[in-house]
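Peer 1: Quick one: structure below, then a few questions.
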Amino acid sequence: TVYEIGVLGIPSIFIPIPWVTHNEQYKNASVLKKLGLSEIINEGELTSQQLIIKIGQYLRKRKLINLEELKKNFPLNAGERILEEIGI
C-alpha cells in the first residue's frame, strides 16, 4: 500500500499496527512522512482530536512535498533498472 500511495502521490495518514514483528508498517509509513506526503498516528494515540490535528498539520505543510525525491524513492521503471544493473 505504501508503495502505491507513493507512486500515485496520494496524501495519507497511516495508523501502523504496533505489534508487527519488526515495526515494518511504521518504518514504511516513515518514508512517506519524510517526503511530506503522509502523517503517522500511533494506534495508542488515535483519537478524533488527534486525527483532526494531523489533517491540519498536513494541510499546512502540503506545499513542502518533495516530488523529485518522491519519484526517486518510488520509481515506475524498477524492472528496467534491475535489467540494466545485471547487464541484460
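Peer 1: What angle, in degrees between 0 and 90 and rounded to the nearest 10, separates the Cα long axis of helix 48-61 from the longest principal axis of the Cα atoms of the chain?
Peer 2: Value to nearest ten degrees: 50.
Peer 1: Also: For the Cα atoms of the chain, what angle does the longest principal axis make with the long axis of helix 24-34, in degrees from 0 to 90, nearest 10?
Peer 2: The answer is roughly 90 degrees.
Peer 1: What is the calculated FRET efficiency for LEU67 to THR1, with r their C-beta to C-beta distance and R₀ = 30 Å, to the nearest 0.05? Present the calculation step by step, with values, prior to reporting the outcome.
Peer 2: Numbers: r = 20 Å, r/R0 = 0.67.
With a Förster radius of 30 Å, E is 0.90.
Peer 1: Beta carbons within 10 angstrom, averaged per residue: use that to sort the peptides 7-18, 39-50, highest first.
Peer 2: On the way: 7-18: 14.7, 39-50: 12.2.
Ranked from most to least packed, the peptides come out as 7-18, 39-50.
Peer 1: With the contact rule set at Cα under 8 Å and sequence spacing of 6 or more, what percent relative contact order holds for segment 7-69?
Peer 2: Working: 60 pairs, mean separation 21.5, N = 63.
Computed over segment 7-69, the figure is 34 percent.
Peer 1: Among residues other than GLU45 whose Cβ falls under 13 Å from its Cβ, what is the net charge (Lys/Arg +1, Asp/Glu -1)? Could you put the intermediate results ahead of the total?
Peer 2: On the way: positive: LYS54; negative: GLU39, GLU43.
Net charge in that neighbourhood comes out at -1.
Peer 1: Using helices alone, what [θ] at 222 nm do you get for the chain, with -39,500 (n - 2.57) per DSSP H run of 4 or more residues, divided over all residues and rounded to the nearest 500?
Peer 2: On the way: 5 runs with 47 residues, N = 88.
Result for the chain, helices only: -15500 deg cm²/dmol.
Peer 1: Taking volume of the Cα convex hull per residue in Å³ as the quantity of interest, determine which of (i) 154; (ii) 140; (iii) 98 was computed from the displayed structure.
Peer 2: Identified label for the calculated read-out: (iii).
Any read-out appearing in this document is the output of simple, stated calculations on the displayed coordinates, not a laboratory observation. Because the structure is predicted, anything quoted here is derived from the model rather than measured. Reconstructed Cβ throughout: ideal geometry from the backbone, glycine too, with neighbour counts over all protein chains shown.
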